[in-house]
């Protein structure tokens, strides 16, 4: 087979997957476990795309003993997605003995294909070619098992991230920790890969002529997609990698009457007004609870019940009020709008504009125009 437009793109994407791995591991920003697991995913996708090229260009005629050598690796992609997700969201991420159960599908695949590895080179070549000649006559259950693994692990990881974002809003005031969506895109991409692969494999049962074209699309989408994630992790580590939260924190019901809660909330308000802790862009619930000498779960309960807000919303409300106050003071006239926002605790212009509009129902520019501010 000769190179064509599709194989050139797949070759490029495959090579990029391997090039990105050492660069990603060398990036100083981002939690090391997240970078390691993303590197594993890049390697796996790179190897699987390389196997496509291996079969397409018939390199197996030269090295037949590498035929299907990477097939069991398909079953490591799902667990790698899960461990990447877990390392991103959980503050305490020690591995336990039962985590090795995630390797069972991979070991099952090795055992399933194991006898094939013992065959001679010529028999392997004949087996591979007859497999593809008859492909489409019956379902490829091995592939469906892999696709099912991808779907299950991706869906579970999405559920884990949704839980994370809820926890992050209660524990952090840093908008980057709550608003980042790169990892959700990563998981949605794998689910998309599942749907594309399942669709074209079902199509093959009716018309095998689509096999090569569909394989082009599948491997190209997968390799380019994961490569994009790798570039995002390297070029924008602050917005890609997550700050893990404490999942051991329980939602405890605090039995206090309304009057007592209101009294404690006034203490919180006085501290916020006088000490302005919200100016710290990385303020966490645990930080404020220590400053107030109040248990974190109790502080969260007071804010939820009296202010009817989570910690994230509560802190940003103060930041917005501080920005509005500064805009009316002449001593801040020399500062840009973004400079004032950062001085008030916002860590980026994007988060400032988004939160400001949520609280005031107008953009900062509209607010200034409405109040005749320059």
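Points to keep in mind about this one:
- Label zone at residue 132, where the point sits 7 Å out along the Cα-to-Cβ direction: segment 43-64 residues whose backbone N lies under 15 Å: 49-64
- Highest to lowest packing among 348-359, 270-281, 312-323, scored as the average C-beta count within 10 Å: 312-323, 348-359, 270-281
- Over segment 258-370, relative contact order from alpha-carbon pairs under 8 Å, at least 6 apart, %: 23
- When each of 294, 229 is scored by the number of other beta-carbon atoms lying within 10 Å, the sequence from fewest to most is 294, 229.
- Contour excess over end-to-end distance, with Cα ends at residue 338 and residue 95 and 0.36 nm allotted per residue: 83.2 nm
- Dividing the convex hull volume of the alpha carbon atoms of segment 283-369 by its residue count gives 102 Å³ per residue.
- Linear extension gain, residue 123 paired with residue 145, 0.36 nm per residue minus alpha-carbon span: 5.4 nm
- Sorted by Cβ neighbour density within 10 Å, fewest at the top, the residues 150, 302: 150, 302
- Put in order of Cβ neighbour count within 10 Å, fewest first, the listed residues 190, 346 become 190, 346.
Read the figures in this text as sums done on the coordinates, not as results from a lab. Note that the structure is a prediction, hence the values are computed from the model and not measured. No Cβ is skipped: glycine too gets one built from the backbone with ideal geometry, and neighbour counts run over all protein chains shown.
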